[in-house]
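Please treat every number below as a calculation from the coordinates, not as lab data. Treat the numbers as computed from the prediction; the structure is a model and nothing was measured. Methodologically, a virtual Cβ is constructed for each residue, glycine included, from the backbone with ideal geometry; neighbour enumeration extends over all protein chains shown.
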Amino acid sequence: MKAIKVDLAERSYPVLVGENCLGEVERYLPSSAKRVAIVTQEQIGIDLQIEKNHKVFTIGTGETSKSIDSVIALCRSWVDWGLTRSDIVIGLGGGMVTDIAAFAASIYHRGLEVINVPTTLLGMVDAAIGGKTGANLPEGKNLIGTFWQPKAVICDVDTLQTLPEREWKCGYGEVAKYHFLGADDMRGFSLIDTVMECVKVKTRIVAEDEREAGTRAILNYGHTLAHAIELENGFALAHGEAVAVGIRYAAQVAFHMGRIGEERVAYHEEILNHYGLQMKLGERIDPQRALLLFSRDKKSKPGLFTFVLDGDLGVEPVSFYDGNILVKALEVVQ
């Protein structure tokens, strides 16, 4: 088992990565906790061995369940069970589960401690780390949420053994992103080392900018188009799949803006191909509709589009007003 610390002063916490390490969860349960609320989904099928009084709460599947209704339902169930402010929540599942569990924990009694136990590759390399929680609105992804750092993140790669192929692709969409954020070339790495390398990059970025006031925005590389197409096509593309297309699109936008050349664009395609990721939408999106969705992105400013783009200085947020560049770049991924 390997460990790395998310360095946030008094809110610092460990991320553990290894095999057969679910038992480590017990170490991080506070002595004051009398009850442990485990939030998961029925298909996860993992039984945490916890001696403290605990109860499992299930949420629905699919992005439509990543809603404020799910958060309210959890909180009401916790009230009925008698969960108190001194107790703790565990999010056991993929990124949607840890997002919703931590969001509910952050607002229940004005804040309960939470432990994230991601069971997908996407969750381990990205979603469960960094303290961002959230739920969707019909108008956009993750438009409501909080920053709420977990007490610990336990990544047991054994839980990935039954992961469907599509979920692996979703995870590798996020892994590919880290190739452009300063990670070592992970092609040829073992699974544990791949997860650790992604975690290393993310923890460094989160430590520099916990609440996404600046640098942390680069973690959204490929996500602006991804969030738009997820909403537009009813989540026919899963998140990591959409991010892969979004990375290819962001490279094309940067190319049209003169920020990168053809060789760098080709490198983006090389990385995406290595992980077997698709680079086209599969169905068309109306350009004007895309621009509207881009303008609603959390990063955007009034009258400006904001994308995270590659360039000579690396990946960074860039604001601009010319939507024609975005429309032209869409031709490559349509």
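Observations, loosely collected:
- Principal-axis tilt of helix 323-333 within the chain, Cα atoms, nearest 10 degrees: 80
- Neighbour-count order for Ser106, Ser31, Ser86, fewest beta carbons within 10 angstrom listed first: Ser31, Ser86, Ser106
- Each Cα pair under 8 Å and six or more residues apart adds its separation to the average, and for the chain the resulting relative contact order is 15 percent.
- With Cα atoms, 0 to 90° folded angle of helix 68-81 axis to the chain main axis: 10
- Here Lys66 is the anchor, and the aspartates and glutamates within straight C-alpha reach of less than 20 Å, apart from those fewer than 8 places off in the same chain, are Glu42, Asp99, Asp126, Glu139, Glu167, Glu174, Glu230, Glu232, Glu241, Asp297.
- Between 0 and 90°, nearest 10: helix 95-107 axis offset from the chain longest Cα axis: 60
- Size of charge dipole - region 178-261 - debye, nearest 20, with Cβ of Lys, Arg +1 and Asp, Glu -1, no other charges: 160
- Net charge in the neighbourhood of Phe189 (other residues with Cβ under 13 Å of its Cβ; Lys, Arg +1, Asp, Glu -1) is -1.
- Dipole magnitude for the chain: about 900 debye, using +1 per Lys or Arg Cβ and -1 per Asp or Glu Cβ, origin at the Cα centre.
- Helical mean residue ellipticity (222 nm; -39500 (n - 2.57) per DSSP H run of 4+; nearest 500) of the chain: -11500 deg cm²/dmol
- With 10 Å bins beginning at zero, the pair-distance distribution over Cα atoms of the chain amounts to 6, 27, 35, 23, 8, 1 %.
- Based on alpha carbons, the Rg and Dmax found for region 13-155 are 13.6, 42 Å.
- Its Cα centre serving as origin, region 215-333 has a Cβ charge dipole (Lys and Arg +1, Asp and Glu -1) of approximately 400 debye.
- At most 14 other Cβ within 10 Å, DSSP loop - trypsin sites (Lys or Arg not before Pro), region 178-239: Arg187, Arg211
- Amide H to amide H, with H built 1.01 Å from N, Leu8 comes under 5 Å of Tyr13, counting only residues 5 or more places away or on other chains.
- For the listed residue pairs Lys202/Lys299; Lys2/Lys151; Lys169/Lys301; Lys200/Lys301; Lys2/Lys202, the alpha carbons are over 22 angstrom apart in Lys169/Lys301; Lys200/Lys301.
- Projecting the Cα atoms of Gln41, Val56, Met279 onto the dipole axis of the chain, where Lys and Arg carry +1 and Asp and Glu carry -1 at the beta carbon, places Val56 farthest toward the positive end.
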